[in-house]
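To keep things clear, I will list the structure first and then write my remarks on it.
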Amino acid sequence: MEGYQVIHEKSPAFYDNYDRKGELQQQTHYCPGCGHGVVHKLIAEALTELGVQDRAVLVSPVGCSVFAYYYFDVGNVQVAHGRAPAAATALKRANPGSIVMAYQGDGDLAAIGTAEIIHAANRGENICVFFVNNSVYGMTGGQMAPTTLVGQKSTTSPWGRRSHNEGLPLHVCELLAALETPTYIERVALSDMKNIMKAKKAVKKALEIQKNGGGFSLVEFLSPCPTIMKMDPVVAREWVADTLVKAFPLGVYRDRKPELPVDAIVPVKTIAQALDAEESTTEATIIRRHHHTRDLTVKMAGFGGQGVLLMGQLLAQMGLREDMEVSWLPSYGPEMRSGSAHCHVTLSHDRIGTPLISQPEVLVAMNELSLQKFAATVASGGLILYNGSKLPEGFTAPQARVICVPASAVADGMGSAKVANVVMLGALLEETECLPTESAISVLEEIVKNPKLLELDRKAIAAGRDYVDTKIEVGAVSQPDGYSY
Ligand SMILES: Cc1ncc(C[n+]2csc(CCOP(=O)(O)OP(=O)(O)O)c2C)c(N)n1
Ligand code: SF4
């Protein structure tokens, strides 16, 4: 604006608009005066100043900051309660060049997540942990946290915390500083501008340490929660300064120079190197990799006992044979037999971001329940293979082609109901042409040791392929081209 100089701008590390309802897109979901907003700002500014936004990953917790991914324009992963340090470990190890931050409240880090934080710190993971200690469980309405002060009332300590009954408050910085491995641990307070500036320096330092491969850092923020404390925001800040700081002394609890950068101590090996296997980077392999193979996402579902998970494993193994990237993600209830079971399989020529498939290109439904449950999730233009001779009455899936393959009946006819899954696999391979038949046979040859069973499986694959080739029946009404629309 003419005549004015803008000196406060939203950090580029935040999205321009937040993924919230229209009128709320410029504001966060935090209560007025909440410390989370301040910590977000400090992290965003530090990411920009260090030029690491493009490779930063934020691991959001369960707690009031569960929606941190609404705001930060970085890689975002939201994890189960207390598990941020474990997820951050995996992210960092898989992508050593990334800058990984675990963001946690005191309930999240110091109660349900006690084990994760201690072990991540003890391993000296090259990650940053930002720990917001507001002395209560904010999100769930103010239960006692491990950091609740002696005498402080909460919904679960209505008479005030008693040391003889609930123990004394847990001092996380002091606890972790007793370990040898961590590099940097500091406690700061969001009580006033001077302390907020100190907090900013601490955030930047922690990120800088990680950037230089320096190891584990944790910054604890003593933070106001005006809503749960039933205080005016200004009073809540004063309470942090006058009361919380007295119980949790501020300061640097660990600041050491690691002898060597973490990345230099642990050489990063490829899986092939670690297994002493040949690297598959020769020209020949690269050419082979793309021969007759196709990227595909598949969901396979049915009853436990129908071999749904095995069918997925076979498909993934076949992809491996062709040097594709593959993933197999199983899911089943506590009761394996007769319960529902499904798995996700991805075949890809590129690295796979997540094994979870929300919109599969292909659904293999081995029973009616799975068909009804998952058909709507199939991507537009996708394919549904249904284990049956006709579709249930009234069933529609307008966005997908639906093919009925009576795999169980075909398998019965071959003398073994058990191979229905392999019949269906044959049908899948024929219809999608995602992998060459030879790889299917060679995987079966390796896995199935019994010659009779192997022969049966070979026949089952062939029967499935043959069925799709010659006898497709689609839906309740057969179409000349075998498809329903
Ligand atoms: C496994 C599991 N247990 C319990 C809960 C309920 N829960 C949600 S948030 C929360 C506490 C969060 O408190 P804190 O980490 O201090 O974060 P704050 O909300 O204060 O920022 C709990 C117990 C849950 N979501 N998942
Ligand atoms: S309840 Fe407390 S911690 Fe949660 S958003 Fe509100 S002020 Fe922040």
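The values are calculated or read from the model by the stated rules, or taken from the named source; none is laboratory data. Bear in mind the structure is a predicted one, so any value in this text is a computation, not a measurement. Here Cβ is always computed from backbone atoms with ideal geometry, including for glycine, and neighbour counts include all displayed protein chains. Surface areas here come from the heavy atoms of the whole protein model, side chains and all, with no ligands, DNA or RNA. Shrake-Rupley method; radii C 1.70, N 1.55, O 1.52, S 1.80 Å.
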> Add -39500 (n - 2.57) for each DSSP H run of 4 or more in the chain, then divide by its residues: what number comes out at 222 nm, to the nearest 500 deg cm²/dmol?
Replying inline: -9500 deg cm²/dmol
> Using a 1.4 Å probe, how large is the accessible area of K373, given in Å² and rounded to the nearest 10?
Replying inline: 130
> Tell me, what is the percent relative contact order of the stretch 44-118, built from C-alpha pairs under 8 Å that lie six or more residues apart?
Replying inline: 35
> When all protein chains stay in place, what accessible area (Å², nearest 10, 1.4 Å probe) is found for V132?
Replying inline: 0
> Using the alpha carbon gyration tensor of the stretch 188-245, what are the three equivalent-ellipsoid semi-axes (square root of 5 times each eigenvalue), largest first, in whole Å?
Replying inline: 28, 11, 8
> Once amide H atoms are built 1.01 Å from N in the peptide plane, which residues 5 or more positions from R254, or in another chain, come under 5 Å H to H?
Replying inline: I185
> If you take the alpha carbon radius of gyration of the stretch 295-389 and divide it by 2.2 N^0.38 Å, what ratio comes out, to two decimals?
Replying inline: 1.03
> Where does the stretch 353-485 land on Rg(C-alpha)/(2.2 N^0.38 Å)?
Replying inline: 1.05
> From the backbone phi of the stretch 388-400, what are the Karplus-calculated ³J(HN,Hα) couplings (6.51 cos²θ - 1.76 cosθ + 1.60, θ = phi - 60°) in whole Hz, Gly and Pro given as x?
Replying inline: x, 8, 8, 6, x, 4, x, 6, 9, 9, x, 7, 10
> Which shape class, rounded, prolate or oblate, goes with the stretch 139-234 when its Cα gyration tensor gives a ≥ b ≥ c as root eigenvalues, a/c under 1.5 marks rounded, and past that a/b bigger than b/c marks prolate?
Replying inline: oblate
> Taking Cα centroids, how far is the stretch 178-249 from the stretch 117-163 in Å?
Replying inline: 14
> Just by accessible area at a 1.4 angstrom probe, what is the order of W328, W159 from largest to smallest?
Replying inline: W159, W328
>> Explain nothing, just compute: Karplus ³J(HN,Hα) = 6.51 cos²θ - 1.76 cosθ + 1.60, θ = phi - 60°, for every residue of the stretch 126-142 in order, whole Hz, x for Gly and Pro.
In response: 7, 9, 10, 10, 9, 10, 9, 9, 10, 6, 8, 7, x, 4, 9, x, x
>> Less than 22 Å apart at the alpha-carbon level, and either on another chain or at least 8 residues along: which lysines does that give for K10?
In response: K21, K41, K194, K198, K200, K201, K204, K205
>> For a test of the definition: using alpha carbon positions, the gyration tensor, and the 1.5 limit on a/c, classify the stretch 57-105 as rounded, prolate or oblate.
In response: oblate
> Within a Cβ distance under 11 Å of K205, other residues only, what is the Lys/Arg minus Asp/Glu net charge?
Replying inline: +2
> Loop-only check: which GluC sites (Glu not before Pro) in the stretch 1-107 are DSSP coil with at most 10 other Cβ within 10 angstrom?
Replying inline: E2, E9
>> Amide H of S60 versus every other amide H placed in the peptide plane: which residues, excluding those fewer than 5 positions away on the same chain, fall under 5 Å?
In response: V77, Q78, V79
>> Can you return the lysines within cross-link range of K153? Criterion is Cα-Cα under 19 Å, with same-chain partners fewer than 8 residues away left out.
In response: K230, K246
> When the Karplus curve 6.51 cos²θ - 1.76 cosθ + 1.60 is applied with θ = phi - 60°, which whole-Hz ³J(HN,Hα) does each residue of the stretch 68-81 get, with x for Gly and Pro?
Replying inline: 3, 5, 5, 10, 8, 8, 9, x, 10, 9, 9, 10, 5, 3
